[in-house]
1. Could you tell me how many of the residues in the stretch 256-282 are part of a loop (DSSP other than H, G, I, E, B) and either surrounded by fewer than 18 Cβ atoms within 10 Å (Cβ to Cβ) or in contact with a strand residue (DSSP E or B) (Cβ under 7 Å, 6 or more places away or on another chain) (or both)?
2. Can you name every residue in the stretch 219-255 that is over 22 Å from residue 279 (Cα atoms) and in a helix (DSSP H, G or I)?
3. Of the conditions (1) assigned by TED's automatic domain parsing to the domain that holds residue 278; (2) surrounded by 14 or more Cβ atoms within 10 Å (Cβ to Cβ); (3) modelled with pLDDT under 75, residue 187 satisfies every one except a single condition; which number is it?
4. Out of curiosity, is residue 248 surrounded by 16 or more Cβ atoms within 10 Å (Cβ to Cβ), over 22 Å from residue 186 (Cβ atoms) and assigned by TED's automatic domain parsing to the domain that holds residue 202?
5. Somewhere in the stretch 178-194, is a residue outside any helix (DSSP H, G or I) and over 19 Å from the mean Cα position of the chain (by Cα)?
6. Check the stretch 146-168 and report whether any residue there is modelled with pLDDT of 85 or more and either surrounded by fewer than 12 Cβ atoms within 10 Å (Cβ to Cβ) or not in a loop (DSSP other than H, G, I, E, B) (or both).
7. Does residue 208 meet the test of being in contact with a helix residue (DSSP H, G or I) (Cβ under 9 Å, 6 or more places away or on another chain), modelled with pLDDT under 80, buried (at least 19 other Cβ atoms within 10 Å of the Cβ) and under 14 Å from residue 166 (Cα atoms)?
8. I'd like the full set of residues that are modelled with pLDDT of 85 or more and surrounded by fewer than 11 Cβ atoms within 10 Å (Cβ to Cβ), limited to the stretch 96-134.
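The values are calculated or read from the model by the stated rules, or taken from the named source; none is laboratory data. This structure is a prediction, so every number in the text was calculated from the model and none was measured. Here Cβ is always computed from backbone atoms with ideal geometry, including for glycine, and neighbour counts include all displayed protein chains.
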């Protein structure tokens, strides 16, 4: 309702976003500050905007959807049929990390599914890829910066969790009233706000606090699945504060400014997500996980 009213108002006065429309791909690719913020917030490097081109004709919907369907089916098949039948007792040995199939099975399943989907995508689109090696090189180059960014975020989270100040914040959050759902929502909100990233806040919160919240949920009779939903929605609420890399990138690409466009992002990304989080917490407390 708010956005519809704002749209009607801006249309009436002839107002648009930015000056002269969206920025060109060349300018965005050369903007180092924008590139840094974009790769921190999302898994894409704007420098790759100028390295690709659209195909002459789009593929049929069935061809485009096949790799995605394969990921789902192969992941399920590996998790439910193939991996449970394997003799993985060797994983308990120290040279293999003294782990178990239940700990690594999810990674094995999704990696296998993605590898099969990539091979299938290349096979069914081989004629549409006249420069396969150059295409794969460009994809690998585009993946380097996001991978390093994610790894840095994990390391940053470990450093933050080791600081004495984080212990004080953790004790304050865990001491809040309202049960584990309320304190978990607050924790992921705060960490997402500080990092400007939903994935960063969620990673730090779960790495440092997951065992404590699982124990408290077990004592309170809460489903761990409900904890996960609340944590994910909570991390996706204050992750778009004005300093967030995603916000800066989006406004930069649209040729807009924080003053002109941020309030609309806040209505959609903060107010809507906050209401959804409250609804999930209330329904989950009353009816359990769903």
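1. Counting residues in the stretch 256-282 that are part of a loop (DSSP other than H, G, I, E, B) and either surrounded by fewer than 18 Cβ atoms within 10 Å (Cβ to Cβ) or in contact with a strand residue (DSSP E or B) (Cβ under 7 Å, 6 or more places away or on another chain) (or both) gives 1.
2. 219, 245, 246, 247, 248, 249, 250, 251, 252, 253
3. In the conditions (1) assigned by TED's automatic domain parsing to the domain that holds residue 278; (2) surrounded by 14 or more Cβ atoms within 10 Å (Cβ to Cβ); (3) modelled with pLDDT under 75, residue 187 misses (3) alone.
4. yes
5. Yes.
6. No; the residues of the stretch 146-168 include none that is modelled with pLDDT of 85 or more and either surrounded by fewer than 12 Cβ atoms within 10 Å (Cβ to Cβ) or not in a loop (DSSP other than H, G, I, E, B) (or both).
7. When the stated conditions are applied, residue 208 passes them.
8. Listed by number, the residues that qualify are 107, 123.
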